[in-house]
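Trainee: Input: one structure, supplied below.
All of the numbers you see were taken from the coordinates with simple rules; none came from a lab. Just so you know, these numbers come straight off a predicted model, no measurement behind them. Backbone-built Cβ (ideal geometry, glycine too); neighbour counts: all protein chains shown.
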Amino acid sequence: MGTVLASRSLTPNSEAAAIRVPSFIVIGGGEAGAFYVQQLLRAAGASRLSTSRIVVVDRDASCLAAKSTDPRVRVDALDWSAWLDAHLDEAGPDDHLVPYHWAPHLLLTWLEHQVARAGGRTTRRTPGPGGFPYEAVTGAGDRALSYATWPCPPACIEPALCPHTRGAKDWSLAGDLARAVKGVGAEEPIVFRCLHLVYGVGTIPVTEILAARARVIAGIRGGERSYLVATSSHCHALATVLEVSPDAGKGRSETISTARPGGTPPIP
């Protein structure tokens, strides 16, 4: 019943125009985040990418990414979840989020907070086994899933030929999770698709994140519903069943705009 957007094939060839992403939000300014910032700047320098701003979110204002001298890069010294709660709505429709692959399931937590603000309540449930080659339950109760039983480099672009198997990559975990929703006891999928954009950096368009929130909030009025909430690339994912219902004991709810965003992350 849910809608999962088609895969993004935005990596340009040598003759293509640069991809335009006004602002990036990079989660984490440590080694991984600093690498993603470097790759985005390299892509921009090679005319493969056009961007005006790279916002790095890290509690440490002197994190590794802060060493960048490029004027387009700035560090917001905040907790990841706190930043998303306070500022994600200020991002523009063409901005992209760059998740940190070892972070907790941040978009799940953000979605829970948004439901609470809209007058709903949520309960998490660990999905049952899905029959994927690798599965494990995290300390937070998410089910970690992967088509790879081997370590993959964080900057893998998930090409058509798998670098490890040397064979065709004929799978898409993000797509399979959308179709497997009934098998885990959920009614609808919410799949945040982190797909390769450029130079080894995987991103999630902000407009897709906010569209998912709009669906869930609109569904609160219809009573209890369950969603398989996953952040997924073609090969790896975190997934949780989220049960959402109106909170009968809660007072007046906060109105959350679900219109397309038009601003950009604030500049201090």
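Trainee: Pull out the extension gain between Ala140 and Arg42, defined as 0.36 nm times the separation in residues minus the alpha carbon to alpha carbon distance; nm, one decimal.
Mentor: Values: separation 98, 0.36 × 98 = 35.28 nm, distance 3.54 nm.
Net length gain for the segment: 31.7 nm.
Trainee: Which residue, His164, His101, His236, tops the fluctuation ranking in a GNM of the chain built on C-alpha contacts under 10 Å?
Mentor: Comparing His164, His101, His236 in the GNM, the peak value goes to His164.
Trainee: Take each complete run of DSSP H in the chain, measure how far its Cα atoms stretch along the helix's own axis, and keep only those covering 20 Å or more with mean Kyte-Doolittle hydropathy at least -0.5; list them. If you can, show how the numbers build up before the last one.
Mentor: On the way: long enough: 31-45 (21 Å, 0.31); 206-220 (22 Å, 1.29).
Membrane-span-like by this criterion, though nothing is claimed about a membrane: 31-45, 206-220.
Trainee: Next up: Which value, in Å³ per residue, describes the convex hull spanned by the Cα atoms of segment 112-233?
Mentor: Numbers: hull volume 14.7 nm³, N = 122.
Once divided by residue count, the hull of segment 112-233 is 120 Å³.
Trainee: Tell me which residues come under 5 Å, amide H to amide H, from Gly120 once H is placed; ignore anything under 5 positions away on its chain.
Mentor: It is Asp247, by chain and number.
Trainee: For segment 18-77, which chymotrypsin sites (Phe, Trp or Tyr not before Pro) are both in a DSSP coil and crowded by at most 10 other Cβ atoms within 10 Å? Before the final figure, lay out the partial values.
Mentor: On the way: sites: Phe24, Phe35, Tyr36; in loops: none.
Answer in residue order: no site qualifies.
Trainee: Here's a follow-up. In whole Hz, what ³J(HN,Hα) sequence does segment 20-27 give by Karplus (6.51, -1.76, 1.60; θ = phi - 60°), x for Gly and Pro?
Mentor: Values per residue, Gly and Pro as x: 9, 10, x, 9, 10, 10, 9, 7 Hz.
Trainee: What Kirkwood hydrodynamic radius, in Å, does segment 19-102 give when the mean of 1/r is taken over all pairs of distinct Cα atoms and then inverted?
Mentor: So the Kirkwood estimate lands at 12.7 Å.
Trainee: Give me the one-decimal nm value for the distance between modelled label points at Ala214 and Ala103, 7 Å along each residue's Cα-to-Cβ direction.
Mentor: Distance between the two pseudo-spin positions: 2.3 nm.
Trainee: I've got another one for you. Tally the DSSP beta bridges in segment 187-249 and give the antiparallel ones as a percent, rounded to 5.
Mentor: Details: 11 of 17 bridges.
Roughly 65 percent of the beta bridges in segment 187-249 run antiparallel, per DSSP.
Trainee: Which whole-Hz ³J(HN,Hα) couplings does segment 232-239 yield from phi under the Karplus relation 6.51 cos²θ - 1.76 cosθ + 1.60, θ = phi - 60°, glycine and proline marked x?
Mentor: After applying 6.51 cos²θ - 1.76 cosθ + 1.60, I find 8, 9, 5, 10, 9, 7, 10, 9 Hz.
Trainee: Looking at segment 160-247, which trypsin sites (Lys or Arg not before Pro) are DSSP coil and have at most 14 other C-beta atoms within 10 Å of their C-beta?
Mentor: On the way: sites: Arg166, Lys169, Arg179, Lys182, Arg193, Arg213, Arg215, Arg221, Arg225; in loops: Arg166, Lys169, Arg221.
Counting only loop positions with at most 14 other Cβ atoms within 10 Å, the trypsin sites (Lys or Arg not before Pro) in segment 160-247 are Arg166, Arg221.
Trainee: Would you mind telling me the antiparallel percentage of the DSSP bridges in the chain, rounded to 5? Please report the intermediate quantities before stating the final value.
Mentor: Details: 28 of 48 bridges.
So the antiparallel bridges in the chain amount to around 60 percent.
Trainee: Please sort by residue number the chymotrypsin sites (Phe, Trp or Tyr not before Pro) in segment 70-163 whose DSSP state is loop and whose Cβ has at most 15 other Cβ atoms within 10 Å.
Mentor: Passing sites in segment 70-163 are Trp102.
Trainee: Here is a follow-up. How far, in nm, would the chain grow between Ala77 and Ser52 when pulled straight, counting 0.36 nm per residue and subtracting the alpha carbon separation? Can you show the working numbers first?
Mentor: On the way: separation 25, 0.36 × 25 = 9.00 nm, distance 1.97 nm.
Gain on extension, Ala77 to Ser52, equals 7.0 nm.
Trainee: Evaluate the distance, in nm, between pseudo-label points positioned 7 Å from the Cα of Ala61 and of Glu31 along their respective Cα→Cβ axes.
Mentor: 2.6
Trainee: Then there is this: Stretched out fully, how many nm does the piece from Ala160 to Glu243 gain, at 0.36 nm a residue minus the Cα gap? Before the final figure, lay out the partial values.
Mentor: Working: separation 83, 0.36 × 83 = 29.88 nm, distance 3.54 nm.
Taking 0.36 nm per residue and subtracting the Cα distance, the gain is 26.3 nm.
Trainee: Quick check for me: using +1 on Lys/Arg Cβ and -1 on Asp/Glu Cβ, what's the dipole size of the chain about its Cα centre, in debye to the nearest 20?
Mentor: Details: 26 positive and 25 negative charges, 58 e Å.
Value, rounded to 20: 280 debye.
Trainee: Residue by residue, what Karplus-based ³J(HN,Hα) values in Hz, rounded to whole numbers, does segment 158-175 have, using 6.51, -1.76 and 1.60 with θ = phi - 60° and x for Gly and Pro?
Mentor: Those phi angles translate into 6, x, 4, 9, 5, x, 7, 7, 6, x, 5, 8, 9, 9, 8, 4, 4, x Hz.
Trainee: So, one more: Over all directions, the average projected area of the alpha-carbon convex hull for the chain comes to how many nm²?
Mentor: On the way: hull surface 58.8 nm².
About 14.7 nm², averaged over all directions.
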